[in-house]
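Notes for the one structure printed next.
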Amino acid sequence: MILIVLAAFAAGWIDAVVGGGGMLQLPALLLVPGITPLQALATNKLASVFGTATSSVSYYRSVRPSLRTVLPMAGIALAAAFSGASLAAFLPPAVFKPIILIALVGVALVTIFKPSLGAVTKLKYHGAKHVVIAGAAGAVIGFYDGLIGPGTGTFLIITLVGVLGYDFLMASAQAKIVNFATNLGALLLFIPLGVVLWPLGLVMGAANIVGSYLGSRMAIKRGAGFVRVLFLIIVAGLITKLGFELFSGPN
């Protein structure tokens, strides 16, 4: 229990800054004796919904992300996450690992070789087109979050930076709101199924809140440059983890 709480705290901190905390929190849950993968996924969502709610409020108070962009994106992502969660019991996550690994390598290379990327906000689209592209991204990433989950915040941030043109700090602020919606969308399916382990999830949620608050405050204080560096570190960690799982043998 101590190790799981520590993992939830660390995951909340990581998620609040750059996303990817699920890569730590979900495997920790899978170590619980007798837990099924679906219970682990559902309980992970319960813990994460507290953390993303906390960091969303912190970011909104300080950074003031554009609600005109993020609310439609979050609404679409919520519905997509619900749809993805409905398939979570039938499609093994291993199916997606090669695709996710390739995508993360591409994300890392673009971020490394374009140091100006995400340094300042320079929107690439405006008006309705901006909202439509944000909504499409929310649909794809929201579906992935409901189906599997880990790395969702990372994909949201790189999409908001690379596709829409936000700086890393603003992208992280908006990603937290969308990620809260995707966690909630998945929970709307998992709760009626009775697969959420409430006592465990609530304890982890409390740890997630503390980690998320501290992480979001540090990101706000240090700015986009700090978020970019930590983003690259987390992406490298995700690549290493997925690569090891993919090539070390059958899952």
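Here, each number is a calculation from the coordinates, and none is a lab measurement. Note that this is a predicted model, so its numbers are computed, not measured. All Cβ positions, even for glycine, are placed from backbone atoms using ideal geometry, and neighbour counts span all protein chains on display.
Straight Cα distances below 17 angstrom link LYS45 to the aspartates and glutamates ASP15, ASP145, with same-chain residues fewer than 8 positions distant left out.
Could you work out how much longer the chain between ILE233 and LEU6 gets when fully extended? Use 0.36 nm per residue separation minus the Cα distance between them, nm to one decimal.
Full extension from ILE233 to LEU6 adds 79.8 nm.
Just from its helices, what would the mean residue ellipticity at 222 nm be for the chain, if runs of 4 or more DSSP H residues each count -39500 (n - 2.57) and the sum is divided by every residue, rounded to the nearest 500 deg cm²/dmol? Please list the in-between numbers first.
Values: 10 runs with 197 residues, N = 251.
Counting only the DSSP helices, I get -27000 deg cm²/dmol.
Shape of the stretch 1-124 from its Cα gyration tensor (a ≥ b ≥ c, root eigenvalues): rounded if a/c is under 1.5, otherwise prolate when a/b > b/c, or oblate?
On the way: a/c = 1.57, a/b = 1.40, b/c = 1.12.
Note, shape of the stretch 1-124 comes out prolate.
With a sphere of radius 15 Å drawn around the Cβ of PHE231, what net charge do the other residues whose Cβ falls strictly inside it have (Lys, Arg +1; Asp, Glu -1)? Could the numbers behind the result be given before it?
Numbers: positive: LYS114, LYS176, ARG222, ARG228; negative: ASP15, ASP167.
Taking every other residue near PHE231 into account, the sum is +2.
The trypsin sites (Lys or Arg not before Pro) of the stretch 103-163 meeting both criteria, a DSSP state outside H, G, I, E and B (loop) and at most 16 other C-beta atoms within 10 angstrom of the site's C-beta, are LYS122, LYS124. Spin-label pair ALA119-ARG64: with each label point 7 Å from Cα along the Cα-Cβ axis, the two points sit 2.5 nm from one another. Among LYS129/LYS241; LYS122/LYS176; LYS129/LYS176, which pairs are too far apart, with a Cα-Cα distance over 27 Å? Too far apart for the 27 Å limit: LYS129/LYS241. Which parts of the stretch 163-200 would a label at HIS126 reach, counting a residue when its backbone N lies under 15 Å from a point 7 Å out along Cα-to-Cβ? Once the point is set 7 Å along Cα→Cβ of HIS126, 165 turn out to lie under 15 Å by backbone N, inside the stretch 163-200. Taking the longest Cα principal axis of the chain as reference, the axis of helix 152-162 is set at about 10 degrees.
In summary, the aspartates and glutamates within cross-link reach of LYS124, defined as a Cα separation below 19 angstrom excluding same-chain residues under 8 places away, comprise ASP167.
Identify the chymotrypsin sites (Phe, Trp or Tyr not before Pro) of the stretch 42-149 meeting these criteria: DSSP loop state and at most 13 other C-beta atoms within 10 Å of the C-beta. Show your work: numbers first, answer last.
Working: sites: PHE50, TYR59, TYR60, PHE82, PHE90, PHE96, PHE113, TYR125, PHE143, TYR144; in loops: PHE90, PHE96, TYR125.
Within the stretch 42-149, the qualifying chymotrypsin sites (Phe, Trp or Tyr not before Pro) (loop, at most 13 other Cβ atoms within 10 Å) are PHE90.
In terms of the mean number of neighbouring beta-carbon atoms within 10 Å, the peptides 158-167, 33-42, 231-240 order highest first as 158-167, 231-240, 33-42. Counting only alpha carbon atoms, the long axis of helix 168-193 and the longest principal axis of the chain meet at about 30°.
Karplus-derived 3J(HN,Hα) values for the stretch 28-37, using 6.51 cos²θ - 1.76 cosθ + 1.60 with θ = phi - 60°, are 4, 5, 5, 7, 5, x, x, 7, 8, x Hz; glycine and proline are entered as x. With one equal scatterer per alpha carbon and no solvent term, the Debye-computed log10 I(q)/I(0) for the chain at 0.09, 0.11, 0.15 1/Å reads -0.33, -0.50, -0.98.
Compared with the dominant principal axis of the Cα atoms in the chain, helix 198-222 is inclined by about 20°.
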